[in-house]
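*Asks:* My questions will all concern the structure given below.
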Amino acid sequence: MPNLLPDWLPWIQPAGRLIWSSILLVVGVSFVVALMKPPVLKRPFPNVVGYSLYLVVPVLGWVVAVLLPDTLAIAGWEVDAIIVDLVLVFFAAHTHLLIASRTPRPEGYKATWAECYLGAVGAFALLALAYGVVPHEWMTFANGYLRWGDTSQFLWRSGQDMLFFPWHWPFNLDYPALRDIAVSGLYGVLLGLNIALFAQWQKRNQVVEAPAADSTPTKRSRFGRPLRRAAAGEV
């Protein structure tokens, strides 16, 4: 199977698992955000056509990959990899379209057991990606390709200039500490996003009531026009 990432930069393919897990997390969160919003589009095709495209498009991609020569490459990127990536992009975009054009639920609708089960599986997958896979792949990439696991390598030492700042800090900062600071910050961002999504998901079906109209009768002039301010001498 070809590498699905180009080799435009030397670190891209070594960070392949980190990149793909991060992409899956971003796409999954975008699905959750789309599900929290009401439908905004009218589905331009029948449901059968929309669902069948999940089978038709991969088959077409496989046929194109078979017909093209094996030695064909574009900018150092194998055509097979481009076709697979395009199919994956189609899956993400098409799923977004189906979510945005889904049938609105009637008021008081209760989710079925199957919908709850699939939602729980999806939530577990996102939590596993956010708190398990992505941080683990970052640690693997940092220790392997970046070689930030070596405690003998320092970003700066005590008494030395701190990068381009003109002051000296009284402690050492080695690369393992920098690696751990990065993963701790990642956990903090993901935890904040997790809490925000939980809160917004609980409010997804709340209907914002329009403000009540002002029932105060409007004063009008003798010509029938509404008065913007009281006339002189009027209380």
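The values are calculated or read from the model by the stated rules, or taken from the named source; none is laboratory data. Bear in mind that the values here come from a model prediction, so they are computed numbers and not experimental data. Quick reminder, even Gly has a Cβ in these numbers, built from the backbone with ideal geometry, and neighbours come from all protein chains shown.
*Asks:* Could you look through region 104-146, keep only residues that are aromatic (Phe, Trp, Tyr) and within 25 Å of PRO38 (Cα to Cα), and pick out the one that is surrounded by the fewest Cβ atoms within 10 Å (Cβ to Cβ)?
*Replies:* Checking each candidate, the answer is TRP113.
*Asks:* Would you check which residues across region 59-90 are of a type outside the set (A, V, I, L, M) and modelled with pLDDT of 95 or more and list them?
*Replies:* PHE90
*Asks:* Still on this structure, please answer the following. What's the number of the condition GLY149 fails, among (1) at pLDDT 75 or above; (2) more than 26 Å from VAL189 (Cα to Cα)?
*Replies:* (2)
*Asks:* Now for a different question. Out of region 39-49, which residues are surrounded by fewer than 11 Cβ atoms within 10 Å (Cβ to Cβ) and either at pLDDT 90 or above or within 12 Å of ILE99 (Cα to Cα) (or both)?
*Replies:* Passing the criteria: VAL40, LYS42, PRO46, VAL48.
*Asks:* For region 116-137, indicate whether the set of residues that are β-branched (Val, Ile, Thr) and in contact (Cβ under 8 Å) with a residue 24 or more places away in the chain is non-empty.
*Replies:* Within region 116-137, one or more residues are β-branched (Val, Ile, Thr) and in contact (Cβ under 8 Å) with a residue 24 or more places away in the chain.
*Asks:* Same structure, new question: Looking at SER52, SER101, SER30, SER22, which is the one that is polar (S, T, N, Q), surrounded by 12 or more Cβ atoms within 10 Å (Cβ to Cβ), over 29 Å from ALA142 (Cβ atoms) and in contact (Cβ under 8 Å) with a residue 24 or more places away in the chain?
*Replies:* SER101
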